[in-house]
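Below is one structure; the comments refer to it alone.
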Amino acid sequence: MPEPLTTFLAQAPAILVEIEAVKGSSPREAGTFMLVSATRIWETIGGGQFEYMAIDHARAMLEGRTNVDALDIPLGPEIGQCCGGRTLLRFTRVTKAVSAALTERMREVEDRQPAVFIFGAGHVGKALANSLSLLPLSVSVIETRREELIGLPDNVSTHLAAMPEAMVSDIPAGAAAIIVTHDHALDFLIAKEALGRNDLAYVGMIGSRTKRATFANWLSREGHGGTLDNLVLPIGGTVVKDKRPAVIAALVTAEVLHAVHRFAVQCPARSGSAPL
């Protein structure tokens with residue numbers, strides 16, 4: 001799991017390296033930043049020779065060998081890269097004020113991260129929590145079994161709930177709901193609540209075409225007048241025929257990222273999150 005920004009800032013003097021402007025193609029966009037200390041780095045501005053040059057320059061600043069606070073780097077053959085664009089890098093010594101501003105900036109970014117609610121912490125639920133926790137997402141896991149919530153990543157929020165379906169109303173607009181409980185009946189109750197909303201970016205349920213048909217019949221008997229157009233079932237697509245939890249998690253992670261990004265772009269007024 002990535003090291004928290006505050007932990008890195010507290011350990012040693014550092015230089016803030018930020019992409020101030022971009023012309024043409026580049027590994028990362030303007031506004032991207034990294035931190036460089038004498039022996040370590042935090043995050044990345046794109047890697048490759050371009051980043052090595054930035055790290056070397058930042059460490060030269062730390063050692064007092066240069067005061068130059070900007071580099072205009074062409075991303076072409078002269079540095080062994082083929083992006084073809086140019087980037088203007090800005091170098092700033094991290095003071096208390098800079099540290100506070102960075103911390104606030106990251107807090108605002110985290111507050112705008114798309115939310116993902118995983119219902120169920122069995123084998124697939126845990127694999128999903130591990131996969132999604134590495135991404136710029138706010139991940140929550142809801143489970144009826146206390147013991148299954150042990151050992152999840154530290155940045156994943158956990159909730160013990162006797163009636164998980166009641167928590168669907170707490171999901172923010174633009175979020176994703178992934179339903180992977182140990183009980184088909186519980187899956188159906190949660191999915192019914194989720195499909196009753198029209199402001200979720202993604203509603204997915206683990207299962208098969210047979211389970212989809214069974215759920216459709218159950219919804220009909222329950223008097224649900226809608227369709228299953230907004231339900232992804234089975235999750236993870238049908239191209240890769242691999243049911244191992246880690247593989248399912250990788251495939252579903254891609255689905256969720258696409259869905260929350262598309263929703264944030266198409267429905268910004270209904271989504272509280274920024275596009276990824």
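The values are calculated or read from the model by the stated rules, or taken from the named source; none is laboratory data. Treat the numbers as computed from the prediction; the structure is a model and nothing was measured. For neighbour counting, all protein chains shown are included, and Cβ atoms are generated from backbone atoms with ideal geometry for every residue, glycine included.
General observations
- Residue pairs whose Cβ atoms lie under 6 Å apart, separated by 6 or more positions or on different chains, with the first residue in region 105-123 and under 30 Å from GLY207 (Cβ atoms) and the second among the charged types (D, E, K, R) and in a helix (DSSP H, G or I), are ALA121/GLU148.
- Selection of region 18-34 for residues being in a loop (DSSP other than H, G, I, E, B) and touching an Asp or Glu at 6+ places or on another chain (Cβ under 9 Å) yields PRO27, ALA30, GLY31, THR32.
- Evaluation of MET106 against the conditions (1) farther than 30 Å from ILE15 by Cβ; (2) within 17 Å of the chain's Cα centre (by Cα) shows that the sole unmet condition is (1).
- Counting the residues of region 228-247 that are closer than 20 Å to ALA177 by Cβ and in contact with a Gly (Cβ under 9 Å, 6 or more places away or on another chain) gives 7.
Residues checked against (1) within 17 Å of GLY223 (Cα to Cα); (2) buried (at least 24 other Cβ atoms within 10 Å of the Cβ); (3) not aliphatic (A, V, I, L, M):
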site	(1), (2), (3)
MET167	no, no, no
ALA175	no, yes, no
THR181	no, yes, yes
ASN198	no, no, yes
TYR202	no, yes, yes
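- Any hit, region 85-108, residues being at pLDDT 85 or above and either under 30 Å from GLU165 (Cα atoms) or in the same structural domain as ALA176 (by TED's automatic domain parsing) (or both): yes
- The residue that is modelled with the lowest pLDDT, counting only those in region 42-69 that are among the small types (Gly, Ala, Ser) and loosely packed, with under 12 Cβ neighbours inside 10 Å, is GLY47.
- Candidates GLY207, GLY237, GLY174, filtered to the one that is under 23 Å from ARG112 (Cα atoms), in contact with a helix residue (DSSP H, G or I) (Cβ under 9 Å, 6 or more places away or on another chain), assigned by TED's automatic domain parsing to the domain that holds HIS123 and part of a loop (DSSP other than H, G, I, E, B): GLY174
- Of the candidates LEU152, LEU128, LEU135, the single residue that is assigned by TED's automatic domain parsing to the domain that holds PHE188, within 16 Å of TYR202 (Cβ to Cβ) and either assigned to a loop (DSSP other than H, G, I, E, B) or of a type in the set (Asp, Glu) (or both) is LEU135.
- Among residues of region 215-241, those that are free of Cβ contacts under 8 Å to residues at least 24 places away in the same chain and either at negative phi or touching a Phe, Trp or Tyr at 6+ places or on another chain (Cβ under 7 Å) (or both), counted: 11
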